[in-house]
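Q: Sharing a structure here in structure tokens format.
The values are calculated or read from the model by the stated rules, or taken from the named source; none is laboratory data. Here the structure is a predicted model, which means the values were calculated and not measured. Positions of Cβ are backbone-derived with ideal geometry, glycine not excepted, and every protein chain shown enters the neighbour counts.
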Amino acid sequence: MPDIYRFGKSHTDGDASMRELLGGKGANLTEMCRIGMPVPPGFILPTTLCAITAEPGFKKRLEGAIDEGLRFIEAETKKKFADKQDPLLIAVRSGARVSMPGMMDTVLNLGIDLEIADAWSQRVGRLAFDAYRRNLHMIGDVVLGICADDDDPFERALTELKRQRGVATDTKLSTEDLRALALRYEAIIVERRSDRWPLPPYEALVDSAAAVFSSWNAPRARSYRRLHRIPEHWGTACNVQAMVFGDRNEESGSGVCFTRDPATGEPVVYGEYLRNAQGEDVVAGTRTPYPIDDLRSEAPALHRELLDACRTLEIHFRDLQDIEFTIDDGKLYILQTRRGKRSAIAAVKIACDLVREGRIRTDEALMRVEPAEVEKLLLPALAEEDAERAVRDGRALLAGLAASPGAGVGRIAFSSKRAVEWAQQGPVLLVRAETSADDIEGMHASSGIVTRTGGSTSHAAVVARGMGRPAVVGCDDFALRPKDGTLQVGERLFREGDVWTIDGTRGRVFEGELPLRPSGLAGDLERLLEWADEVAVLAVRANADTPGDARQARRFGALGIGLCRTEHMFFKAERIVAMREMILAEDRPAREKALAKLLPMQREDFRGLFEAMAGLPVTIRLLDPPLHEFLPHGEQAEIELARELGVEPRVVHDSVERTREQNPMLGHRGCRLAISYPEIARMQARAIAEAYLDAKRAGHGVLLVVMVPLVATRAELEVLAELVRAEMDDVATSRGEGRIPCHIGSMIELPRAALQAGALAEVASFFSFGTNDLTQTTFGLSRDDAAGFISDYLAQGVLEHDPFRQLDEEGVGELIRLAIKRGRSTRPDLVCGLCGEHGGDKASIAIFHKMGGDYVSCSPFRVPGARLAVAQAALGLPESQRRSTRAPKSVSRS
Ligand code: PEP
Ligand code: MG
């Protein structure tokens with residue numbers, strides 16, 4: 001396999017399909033050359049080299065590749081590397097398979113030293129020293145490791161010089177100033193890394209390429225990969241390319257633009273540029289750039305050329321593009337194009353618009369939106385009238401760019417470290433002058449981001465949009481003093497920890513807490529989900545325990561309830577007393593007396609659920625948790641309960657002690673409770689049956705489904721199925737009704753149940769995989785305690801995913817596969833569902849789809865995302881391997 005892939009006017013080696021080898025940036029550079037875009041020539045060192053950086057022969061291979069590549073660029077540009085009169089300068093940039101903005105390193109303006117700069121400046125003036133000082137800064141940082149997170153001596157020297165000259169931006173520094181600055185930078189390097197000075201241009205180039213490969217393993221890149229589930233072994237490619245200069249003169253500039261608005265999805269080219277600046281000045285957010293539209297009047301021909309390029313690229317790549325460009329002395333160059341990151345709202349709108357414009361098919365549109373993004377659309381927003389009222393009340397503090405939509409409330413934190421700490425206690429908003437790659441964890445921990453500088457393509461804006469955090473950037477009007485923990489807006493002084501509300505949809509920041517409201521399904525999202533339903537094979541049901549949740553789930557498109565955790569109904573204040581009375585009962589008659597109080601409450605709940613889900617399956621699970629969970633904890637709480645029940649505190653205390661278990665999760669819970677206390681299950685069966693008949697009479701008939709939790713043996717299931725049937729028959733007979741149609745099935749939460757699936761299916765008409773418990777019991781890993789150490793497993797790569805979030809395909813998945821196979825060999829039409837947390841996770845849904853499941857069930861807010869994920873699972877397999885859509889089954893679908 002070659003070590004270089006060239007791209008230029010005369011020759012191009014790769015194309016857009018070669019992302020694995022060339023990285024996303026590199027693959028698209030080669031593709032752009034193929035379609036004749038104005039791209040500076042260059043070459044790509046592929047990801048295969050990243051994998052061998054530690055091997056002895058690496059340096060030699062790297063040099064060999066660079067030598068060959070340099071010859072190519074020299075021929076294309078007709079310039080020579082390190083030439084004195086008209087030097088070829090080189091940029092070295094990282095580029096992984098998927099974009100990891102700002103996470104890895106870049107070194108620009110390579111191929112220069114003081115002697116070259118002096119000679120070159122005779123022709124180009126200040127550009128020569130501007131390039132040289134930028135080059136020294138990046139080498140000092142990336143290659144020589146001189147800068148620390150909170151200490152950048154180069155930046156300090158620049159700030160000091162600007163202060164001395166009384167100028168706000170570096171464009172105001174003269175040629176002599178920049179030369180002096182470059183000399184100061186040389187001195188900084190000599191002070192700190194005299195072992196590496198002087199560093200000849202060629203060595204600097206080779207070392208920079210090696211540093212770009214190493215930056216794949218920088219801590220921030222690792223943490224980004226963890227958050228975005230990017231595999232460690234992918235590696236980065238390294239793009240080596242001829243420099244063009246946006247900082248050459250006033251007819252030059254750099255910019256970033258999107259072919260559509262990435263925050264709203266509106267089909268207008270959207271972006272910013274800075275005159276007389278290199279690209280990183282725009283992205284860094286240190287100078288606030290101008291909207292692209294300003295170019296229209298300043299340089300109409302260039303503006304038209306840029307819009308044409310945007311159109312060509314969007315049509316060619318058939319998706320929103322995020323484009324970096326440079327204008328060098330009036331000539332436009334495209335430096336990069338990639339799939340643009342977009343807000344959740346924009347993702348949905350753009351997918352639907354592209355279908356309407358005839359550019360993509362509906363099945364492609366379905367693959368363009370991340371299911372987890374859909375959830376964000378349903379997240380809280382600030383209602384128009386609440387925002388207006390707050391403005392009238394004088395609570396509007398700042399206005400800036402609406403960089404990432406949605407709203408958030410929280411305590412303001414001025415550093416990422418503080419944001420991460422405080423987020424443990426409650427929501428925080430990260431407020432910074434600007435953000436950088438080091439803020440990634442802080443941004444993730446925050447409910448919103450506010451910055452003083454930066455435009456809509458600044459780091460803060462791009463990352464916030466990617467993470468789905470609301471953001472308002474470029475709010476110039478505040479003075480931030482992180483060291484004192486204060487922030488000033490006009491006359492008003494705020495302290496770190498004060499509460500603000502941000503509205504990223506409108507670009508507003510308010511003082512105090514404003515009410516946020518949940519958003520719903522509408523317009524394009526509804527359309528997209530209808531397309532999803534057309535191709536889906538798995539049905540999506542909801543885990544809902546209250547009529548309110550059930551109604552919400554139905555509005556979100558759930559096809560029934562896949563799990564009603566009946567215990568949740570007992571935790572309400574007025575019910576917990578009767579529940580505790582039942583648990584404290586000395587004998588069966590006393591227990592039945594307490595249960596009789598619970599019966600009408602349960603019946604009422606079920607009636608509400610049936611009404612909300614009329615016509616659809618409703619799966620009710622018998623009581624599951626250990627009884628100890630319902631009892632008070634602590635002496636004071638025990639005394640209070642004793643008073644409420646009119647018994648001695650000792651009675652309560654003894655009962656608490658009696659129900660205490662060493663391992664409650666493996667103890668007296670699930671169907672085991674009903675084996676010991678059948679009267680509990682009988683009460684529940686009666687309440688279900690009575691509610692069913694009442695609801696049916698009121699025109700709210702449902703498909704009744706009852707499931708038994710934590711089953712290990714066929715006998716357990718048999719005992720409980722008989723008990724439930726008998727009780728339901730009793731209700732029906734006493735009301736003069738015929739037999740109540742009810743499907744009785746088993747949860748599969750224990751390895752034994754999975755292994756014995758063939759026997760269980762003789763009794764169960766369906767299985768519901770409780771993958772929370774099944775993961776716990778398969779791994780022998782407590783679901784309540786694992787969070788404390790699973791992060792170590794993930795950080796060290798011992799586990800690739802948290803198995804409680806993403807189904808473990810190899811282990812837990814194997815048990816599920818086996819259970820489905822054995823179950824269906826006994827009962828071919830056995831319906832199989834999944835109702836653990838994995839039911840709302842895209843990757844887990846795809847796994848369950850492959851195994852031949854019938855439905856997944858997840859919390860109401862995850863239902864829309866799951867509808868999309870089941871469609872993607874159906875579309876994800878090649879046509880020949882897709883399961884044909886089954887005719888809706890009585891239990892699985894309405
Ligand atoms: C499960 O174990 O996956 C399940 C759905 O039940 P619970 O989370 O209530 O234990
Ligand atoms: Mg469970």
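Q: What's the number of the condition Ala383 fails, among (1) in contact with a Lys or Arg (Cβ under 7 Å, 6 or more places away or on another chain); (2) buried (at least 22 other Cβ atoms within 10 Å of the Cβ)?
A: The failed condition is (2).
Q: Hey, another quick one. Quick one: would you say Ala753 is within 25 Å of Arg824 (Cα to Cα), more than 16 Å from ligand 2 (Cβ to nearest atom), surrounded by 18 or more Cβ atoms within 10 Å (Cβ to Cβ) and among the small types (Gly, Ala, Ser)?
A: Values: within 25 Å of Arg824 (Cα to Cα): yes; more than 16 Å from ligand 2 (Cβ to nearest atom): no; surrounded by 18 or more Cβ atoms within 10 Å (Cβ to Cβ): yes; among the small types (Gly, Ala, Ser): yes.
For Ala753, the condition - within 25 Å of Arg824 (Cα to Cα), more than 16 Å from ligand 2 (Cβ to nearest atom), surrounded by 18 or more Cβ atoms within 10 Å (Cβ to Cβ) and among the small types (Gly, Ala, Ser) - is not met.
Q: Just to be sure before I move on: is Ser782 within 16 Å of ligand 1 (Cβ to nearest atom), at pLDDT 90 or above, of a type in the set (Ser, Thr, Tyr) and touching a helix residue (DSSP H, G or I) at 6+ places or on another chain (Cβ under 7 Å) in the structure I sent? Outline the logic, then answer.
A: Numbers: within 16 Å of ligand 1 (Cβ to nearest atom): yes; at pLDDT 90 or above: no; of a type in the set (Ser, Thr, Tyr): yes; touching a helix residue (DSSP H, G or I) at 6+ places or on another chain (Cβ under 7 Å): yes.
The answer is no for Ser782.
Q: For Arg229, all conditions in the list (1) in a helix (DSSP H, G or I); (2) at pLDDT below 95; (3) surrounded by fewer than 14 Cβ atoms within 10 Å (Cβ to Cβ) hold save one; what is the number of the exception?
A: (1)
Q: Same structure, new question: For Arg517, work out the one condition from (1) touching a Pro at 6+ places or on another chain (Cβ under 7 Å); (2) over 30 Å from Leu398 (Cβ atoms); (3) surrounded by fewer than 20 Cβ atoms within 10 Å (Cβ to Cβ) it doesn't fulfil.
A: Answer for Arg517: the failing condition is (2).
Q: In region 482-520, what residues are among the small types (Gly, Ala, Ser) and over 28 Å from the mean Cα position of the chain (by Cα)? Talk me through it step by step, then tell me what you get.
A: Start the filter on region 482-520 by keeping residues that are among the small types (Gly, Ala, Ser), which leaves 485, 490, 497, 504, 507, 512, 519-520.
Those that are among the small types (Gly, Ala, Ser) and over 28 Å from the mean Cα position of the chain (by Cα): Gly485, Gly490.
Q: Hey, another quick one. Within region 351-388, which residues are in contact (Cβ under 8 Å) with a residue 24 or more places away in the chain, more than 30 Å from Trp500 (Cβ to Cβ) and small (Gly, Ala, Ser)?
A: Ala351, Ala365
Q: Suppose we filter Glu762, Glu814 for residues that are under 22 Å from Cys858 (Cα atoms) and more than 15 Å from ligand 1 (Cβ to nearest atom); which single one remains?
A: Values: Glu762 fails: under 22 Å from Cys858 (Cα atoms).
Going through Glu762, Glu814 in turn, the sole match is Glu814.
Q: Now, a different point. Anything in region 765-778 that is hydrophobic (A, V, I, L, M, F, W, C) and more than 13 Å from ligand 1 (Cβ to nearest atom)? List them, or say none.
A: Step one: of region 765-778, the residues hydrophobic (A, V, I, L, M, F, W, C) are 766-767, 769, 774.
Matches in region 765-778: Phe766 only.
Q: I need the full set of residues from region 717-750 which are touching a Cys at 6+ places or on another chain (Cβ under 8 Å) and away from ligand 2 (no atom under 16 Å from the Cβ), in order please.
A: Val724, Arg725, Met728
Q: Let me ask something else about it. If we only count helices (runs of 4 or more DSSP H) wholly inside region 265-342, which ones have 2 or more residues that are modelled with pLDDT of 95 or more and surrounded by fewer than 22 Cβ atoms within 10 Å (Cβ to Cβ)?
A: On the way: elements: 279-284, 293-298, 300-317.
Because the criterion is at least 2 residues that are modelled with pLDDT of 95 or more and surrounded by fewer than 22 Cβ atoms within 10 Å (Cβ to Cβ), the helices (runs of 4 or more DSSP H) in region 265-342 that meet it are 300-317.
Q: Specify the residue that is farthest from Ile816 (Cα to Cα); the eligible residues are those in region 843-860 that are in contact with a helix residue (DSSP H, G or I) (Cβ under 6 Å, 6 or more places away or on another chain) and modelled with pLDDT under 95.
A: Pro860
Q: Moving to a separate point now. Of everything in region 494-507, what is at pLDDT 95 or above, of a type outside the set (Phe, Trp, Tyr) and surrounded by 13 or more Cβ atoms within 10 Å (Cβ to Cβ)? Give them in sequence order. Lay out the reasoning, then the answer.
A: Filtering region 494-507 for residues at pLDDT 95 or above gives 494-502.
With the extra rule that they be of a type outside the set (Phe, Trp, Tyr), the set shrinks to 495-499, 501-502.
Of everything in region 494-507, those that are at pLDDT 95 or above, of a type outside the set (Phe, Trp, Tyr) and surrounded by 13 or more Cβ atoms within 10 Å (Cβ to Cβ) turn out to be Glu496, Gly497, Asp498, Val499, Thr501, Ile502.
Yes/no per residue for (1) in contact with a Lys or Arg (Cβ under 8 Å, 6 or more places away or on another chain); (2) surrounded by 23 or more Cβ atoms within 10 Å (Cβ to Cβ); (3) hydrophobic (A, V, I, L, M, F, W, C):
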| site | (1), (2), (3) |
| --- | --- |
| Leu666 | no, no, yes |
| Ala674 | no, yes, yes |
| Ala689 | no, yes, yes |
| Ala712 | yes, no, yes |
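Q: Tell me, please, whether a residue that is part of a loop (DSSP other than H, G, I, E, B) and farther than 16 Å from Leu623 by Cα can be found in region 718-730.
A: Pass one, region 718-730, residues part of a loop (DSSP other than H, G, I, E, B): none.
No; the residues of region 718-730 include none that is part of a loop (DSSP other than H, G, I, E, B) and farther than 16 Å from Leu623 by Cα.
Q: On to the next question. Answer yes or no as to whether Ile740 is more than 14 Å from ligand 1 (Cβ to nearest atom) and outside any helix (DSSP H, G or I). Steps first, answer last, please.
A: Details: more than 14 Å from ligand 1 (Cβ to nearest atom): yes; outside any helix (DSSP H, G or I): yes.
Answer is yes for this residue.
Q: Scan (1) surrounded by fewer than 20 Cβ atoms within 10 Å (Cβ to Cβ); (2) assigned to a helix (DSSP H, G or I) for the single condition Arg359 breaks and write down its number.
A: (2) is the only condition that Arg359 fails.
Q: Among the residues of region 529-548, is there at least one that is over 25 Å from Leu875 (Cβ atoms), at pLDDT below 90 and assigned to a strand (DSSP E or B)?
A: No: region 529-548 contains no residue that is over 25 Å from Leu875 (Cβ atoms), at pLDDT below 90 and assigned to a strand (DSSP E or B).
Q: If you go through region 743-759 one residue at a time, how many are within 16 Å of ligand 1 (Cβ to nearest atom), more than 23 Å from Pro617 (Cα to Cα) and among the hydrophobic types (A, V, I, L, M, F, W, C)?
A: 3
Q: Need pairs with beta-carbon distance below 6 Å; first residue buried (at least 24 other Cβ atoms within 10 Å of the Cβ) and within region 765-778, second part of a helix (DSSP H, G or I) and of a type in the set (A, V, I, L, M); sequence gap 6+ or separate chains.
A: From residues that are buried (at least 24 other Cβ atoms within 10 Å of the Cβ), the pairs are Phe769/Ile816; Leu774/Val812; Thr775/Val812.
Q: Go through the residues of region 391-408 one by one and say whether even a single one is at positive phi and touching a residue at least 60 places away in the same chain (Cβ under 8 Å). So that I can check it myself, show each step before the final result.
A: Filtering region 391-408 for residues at positive phi gives 394, 406.
Now restrict to residues that are touching a residue at least 60 places away in the same chain (Cβ under 8 Å): 406.
Yes, some residue in region 391-408 is at positive phi and touching a residue at least 60 places away in the same chain (Cβ under 8 Å).
Q: While we're looking at this one, here's another question. Tell me, which helices (runs of 4 or more DSSP H) lie completely within region 761-843 with 3 or more residues that are within 16 Å of ligand 2 (Cβ to nearest atom) and in contact with a Gly (Cβ under 7 Å, 6 or more places away or on another chain)? Give the derivation first.
A: On the way: elements: 771-779, 787-795, 812-826.
It comes to 771-779.
Q: Kindly indicate whether Arg506 is without any contact (Cβ under 8 Å) to a residue 24 or more places away in the chain, at negative phi and more than 16 Å from ligand 2 (Cβ to nearest atom).
A: No: the conditions fail for Arg506.
Q: Counting residues that are surrounded by fewer than 22 Cβ atoms within 10 Å (Cβ to Cβ) and polar (S, T, N, Q), which helices (runs of 4 or more DSSP H) fully inside region 1-107 reach at least 1?
A: On the way: elements: 19-34, 47-50, 58-77.
Of the helices (runs of 4 or more DSSP H) lying wholly inside region 1-107, those with at least 1 residues that are surrounded by fewer than 22 Cβ atoms within 10 Å (Cβ to Cβ) and polar (S, T, N, Q) span 47-50, 58-77.
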